[in-house]
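Enquirer: Provided herewith is a single structure, encoded as structure tokens, for subsequent inquiry.
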Amino acid sequence: MSFPPLAGACDCHFHIMDRKFPVVAGAQVPNLEAPVARYVPFAREIGTERGVIIQPSLYGTNNACTLAALAALGGRGRAIVVIDEATPIADLERWHALGVRGIRFNQVQAGATTMEMLHPLAERIAPLGWHVQLHMKARELPAYAERLLSLPVPLVLDHMARLALPDFAKDPGWEVVLRLLEKGRTWVKLSGPYHENRAGAPEYDHAVALGRDLVRRAEERLLFGSDWPHVTESAPPAPEHVCRFLVACAETPARMQRILVNNPAALFGF
């Protein structure tokens, strides 16, 4: 199974890894051999033509692997990098020309960034029109709700905001996610259905229930991500199961068009 043929369909969350690039001390995920040459056939199999490379935690603020992969994808690619206060503005401007469109704060496999860095770095990227991408367990969101609501740039929440499953509405972060969506500047990725409940593989029914709820509330600000190469999973999903997950969440061809094509084009500037 692949997605229905949609010109410009975009995978908004995948990682490129290459063992020739150094990893940070104490990296929390394995350094897989997952180069562009392996990703492209996967993308072809699921039916996506564009992609957004997400800097993986194991490289810290050294974005060399991600930028090399972005160059290899050419106009079909965009990227999200990891920076700190020492990253020169000139680098950000140069990376923008290459296709970088945001910065990531990974507070699950934490190390390179802290939430104290959020506003200073958001202000730094605002002139470029970039956004902040946040990977955080939803139960931690209430402590940062006002900080997130006052960001000067759009916000993207990774992996369905890491809401607890199956009872996502009981998660302390659920109300924060709803407030962020209501404000109109937050996007959520329909990705990583295995992160909060592996018991449902390969259908991921609990994640689908959350995905459908999010789609009904804010289909104009949802994105799809394959999470390839599924670095946290000892038994990664087959490409067909990645596709089935999104099809089950979206439910209609019109929503598939919006989530796979229109929304990424608006956020990433394809």
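The values are calculated or read from the model by the stated rules, or taken from the named source; none is laboratory data. The structure displayed is predicted, hence computed values, not measured ones. Virtual Cβ from ideal backbone geometry, glycine too; neighbours counted across all protein chains shown. We work out accessible area using only protein heavy atoms, side chains counted, and drop any ligands, DNA or RNA first. Shrake-Rupley method; radii C 1.70, N 1.55, O 1.52, S 1.80 Å.
Enquirer: If I model a spin label as a point 7 Å beyond the Cα along the Cα-Cβ vector, how far apart are those points for residue 108 and residue 234 in nm?
Expert: The two pseudo-label positions are separated by 1.8 nm.
Enquirer: Moving on. Can I get the semi-axes of the chain's equivalent ellipsoid? Compute them from the C-alpha gyration tensor as square roots of 5 times the eigenvalues, in angstrom, largest first.
Expert: Whole-Å semi-axes of the equivalent ellipsoid: 25, 22, 18.
Enquirer: Moving on to the next point. Per DSSP H run of at least 4 residues, take -39500 (n - 2.57); add these up for the chain, divide by its residues and hand me the 222 nm value, nearest 500 deg cm²/dmol.
Expert: When only DSSP H runs of four or more count, the value is -9500 deg cm²/dmol.
Enquirer: Moving on to the next point. Net charge near residue 79, counting Lys/Arg +1 and Asp/Glu -1 over other residues with Cβ under 11 Å of its Cβ?
Expert: +3
Enquirer: Whole percent per 5 Å bin, from 0 to the bin with the longest distance: what is P(r) over all C-alpha pairs of the stretch 45-120?
Expert: Pairs per bin, as whole percents: 3, 15, 26, 24, 17, 9, 4, 1, 0.
Enquirer: OK, next. Given a 1.4 angstrom probe, what's the average accessible area per residue across the stretch 1-92, in square angstrom? Spell out each step's value before the answer.
Expert: Values: 3780 Å² over 92 residues.
The answer is 41 Å² per residue.
Enquirer: For the pair residue 29 and residue 265, what calculated FRET efficiency results from E = 1/(1 + (r/R0)^6), where r is the Cβ-Cβ distance and R0 = 25 Å, to the nearest 0.05?
Expert: That gives a FRET efficiency of 0.25.
Enquirer: Using label points projected 7 Å from each Cα along Cα→Cβ, tell me how many nm separate residue 89 and residue 251, to one decimal.
Expert: Distance between the two pseudo-spin positions: 4.8 nm.
Enquirer: Restricting to bridges with both residues inside the chain, how much of the DSSP beta-bridge set is antiparallel, in percent to the nearest 5?
Expert: Values: 1 of 26 bridges.
Given both bridge residues lie in the chain, the antiparallel proportion sits at roughly 5 percent.
Enquirer: Using a basic spin-label model with each label point 7 Å from the Cα along Cα→Cβ, how many nm lie between residue 167 and residue 2?
Expert: Between residue 167 and residue 2, the simple spin-label model gives 4.3 nm.
Enquirer: Let me ask something else. Tell me whether the stretch 153-270 comes out rounded, prolate or oblate; compute the Cα gyration tensor, take square roots of the eigenvalues as a ≥ b ≥ c, and use a/c under 1.5 as the rounded threshold. Write out the running numbers ahead of the final one.
Expert: Details: a/c = 1.59, a/b = 1.18, b/c = 1.34.
Verdict is oblate for the stretch 153-270.
Enquirer: Tell me, what ³J(HN,Hα) does each residue in the stretch 132-140 have, in order and in whole Hz, if you take phi through Karplus 6.51 cos²θ - 1.76 cosθ + 1.60 with θ = phi - 60° and put x for Gly and Pro?
Expert: Values, residue by residue: 9, 10, 10, 10, 8, 4, 4, 4, 8 Hz.
Enquirer: Only loop residues by DSSP count here, and only those with at most 12 other Cβ atoms within 10 Å; note down the GluC sites (Glu not before Pro) in the stretch 18-111 that meet that.
Expert: 33, 85
Enquirer: Moving on to the next point. Could you let me know the centre-to-centre spacing of the stretch 55-129 and the stretch 235-260, using Cα atoms, in angstrom?
Expert: Centre-to-centre distance over Cα atoms comes out at 27 Å.
Enquirer: Would you please give the residues with an amide H less than 5 Å from that of residue 156, counting only those at least 5 places away or on a separate chain, with H modeled from the backbone geometry?
Expert: Residues meeting the criterion, in which the H sits 1.01 Å from N, are 132, 133, 134, 187.
Enquirer: With a/c under 1.5 counting as rounded, go ahead and sort the stretch 34-166 into rounded, prolate or oblate using the C-alpha gyration tensor (a ≥ b ≥ c being the square roots of the eigenvalues; past the cut-off, prolate if a/b is larger than b/c, else oblate).
Expert: oblate
Enquirer: What value does the stretch 23-63 have for Rg/Rh, both radii from Cα atoms and Rh as Kirkwood defines it?
Expert: The Rg/Rh ratio comes out at 1.05.
Enquirer: Leaving out ligands, DNA and RNA, what percent of the accessible area of the stretch 69-115 is carbon and sulfur, probe 1.4 Å?
Expert: With neighbouring chains kept in place, the figure for the stretch 69-115 is 54 percent.
Enquirer: Between residue 216 and residue 183, what length comes free when the chain is fully extended (0.36 nm per residue of separation minus the Cα-Cα distance, one decimal in nm)?
Expert: Full-extension gain reported as 10.3 nm.
Enquirer: Another question, then. What shape does the stretch 145-188 have by the C-alpha gyration tensor, where a ≥ b ≥ c are the square roots of the eigenvalues, rounded means a/c under 1.5, and otherwise prolate means a/b greater than b/c and oblate the rest?
Expert: prolate
Enquirer: Can you give me the long-range amide H partners of residue 53? Hydrogens built in the peptide plane at 1.01 Å from N, cutoff under 5 Å, separation of 5 or more residues or another chain.
Expert: 78, 79, 80
Enquirer: Here's another thing I want to ask about it. Going by amide H atoms built from the backbone, whose H comes under 5 Å of the H on residue 17, apart from near neighbours?
Expert: Close amide H contacts, sequence-distant or interchain: 34.
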